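Every read-out reported here was derived from the displayed coordinates using simple, explicitly stated rules and does not represent laboratory data. Keep in mind that what you see is a predicted model, and the values were worked out from it rather than measured. Glycine also receives a Cβ, built like all others from the backbone with ideal geometry; neighbour counts cover every protein chain displayed.
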Amino acid sequence: MMSVLKRKGASHPIINKLGYACHVVAPSMTPARPGSQVKTDRRDAVVLASLFRAGELTSIWVPDTEHEAMRDLVRARISAVEMVRRARQQLLSFLLRHGRIYKDGIKHWSKKHRRWLGDQRFDHPAQQIAFEEYNRAIEQAEDRRSRLEQIGALLPCWSLHPVVAAIQALRGVSLIAAVTIIAEVGDFRRFANPRQLMGWLGLVPRERSSGSTRSQGKITKAGNSRARRMLVESAWTYRLPARVAGDLLRRSANLSQEARDIAWKAQVRLCARYRRLLRPGRPKNVVTVAIARELAAFVWAIAIQNPAPVQTA
């Protein structure tokens, strides 16, 4: 007996435990008849059965409880990072309104900049209270972020821990970036090729082509924004010449030779491609996104080679 659910929900593992095969399909990718004005459970069941028989339904990957827990932790950390950014921006805006501009350096939130903040005083008590509260909000947000960054201690208990370690062979993909990408993507085996992963991440350009006319625009941004952002941040490191040193060398020390070979191939290709794309005068942001799109393919290649099992509830 086959069960088809049109939305992701808690009933999927329950049905599996009862011994039935269950596929969860994406509602946004389910074909719909535009002229239909009647919708009932019976008609929906018949339509789903017909589409499933014709192979027109797209099944989605449902994470298990362990994977969902790691994803919750990763997303909580991302929210904490965003709160730190907002709290800092509010303080800087407050200082800018009162003409307090940091001129002793170009890097904010360094030790020197924090000493400068500690020396700031306001004549009116209300403004001094507001300034201290902004500082306190930053400290609380940074403490919360630090508490949520204890991801490394939980990795050995995660079935995808070998995949997280393997993709850290890539330049720019540190522990936090690797955990975020794996937690958001999940099972890489559901993508038949890297292009499917690029499309799922929303890193492919929009296109409107007809006949001999081909028009491409910005990236679709249709997929997972968290994994996409981590890939773009990691792609910035490829603006520098290819080399293996420092933290990257330590991360790669205990990894397989296959992962290190793919990572080095990625460095050689992407570093050269970054310079080549930048040469005609393209904006750096556009070039970096193009590098992130190809970086996703190398992440897929390493993840596919890793034999770590993936449980699907």
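Distance between the pseudo-spin-label points of Leu249 and Arg208 (7 Å out from Cα toward the beta carbon): 5.2 nm. Legend: translational diffusion of segment 46-122 by Stokes-Einstein, Rh = Kirkwood radius over C-alpha pairs, 10 °C, 1.306 mPa s; D = 91 µm²/s. Taking a straight Cα-Cα cut-off under 15 Å and skipping sequence neighbours fewer than 8 places away in the same chain, the aspartates and glutamates within cross-link reach of Lys284 are Glu233. With the Cα gyration tensor of segment 158-313 giving a ≥ b ≥ c as the square roots of its eigenvalues, does the rule (a/c under 1.5 for rounded; else a/b larger than b/c for prolate; else oblate) give rounded, prolate or oblate? The shape class here is oblate. Packing, as the average of other Cβ atoms within 10 Å across residues, places the peptides 255-264, 104-113 in the order 255-264, 104-113, highest first.
Across segment 116-220, Cα pairs under 8 Å and at least six residues apart give a relative contact order of 11 percent. Distances between every pair of Cα atoms in segment 1-145, grouped in 5 Å steps from 0 to the bin holding the largest one, split as 2, 8, 12, 13, 10, 6, 6, 6, 6, 7, 8, 7, 6, 4, 1, 0 percent. Can you classify the chain as rounded, prolate or oblate using the Cα gyration tensor, where a ≥ b ≥ c are the square roots of its eigenvalues, rounded means a/c under 1.5, and otherwise it's prolate if a/b beats b/c and oblate if not? Prolate, since a/c reaches 1.5 and a/b exceeds b/c. Entry note, the chain: relative contact order of 19 percent, from Cα contacts under 8 Å with a spacing of 6+ residues.
Given R0 = 25 Å, the distance between the Cβ atoms of Ala126 and Glu82 translates into a calculated FRET efficiency of 0.35. In terms of packing, defined here as the mean over residues of other Cβ atoms within 10 angstrom, the peptides 200-211, 217-228 line up highest first as 217-228, 200-211. Using C-alpha pairs below 8 Å separated by at least 6 residues, the relative contact order for segment 156-270 is 35 percent. Would you please classify the overall shape of segment 179-259 from the alpha carbon gyration tensor, given that a ≥ b ≥ c denote the square roots of the eigenvalues, rounded means a/c under 1.5, and beyond that prolate means a/b larger than b/c while oblate covers the rest? Cα axes put segment 179-259 in the prolate bin.
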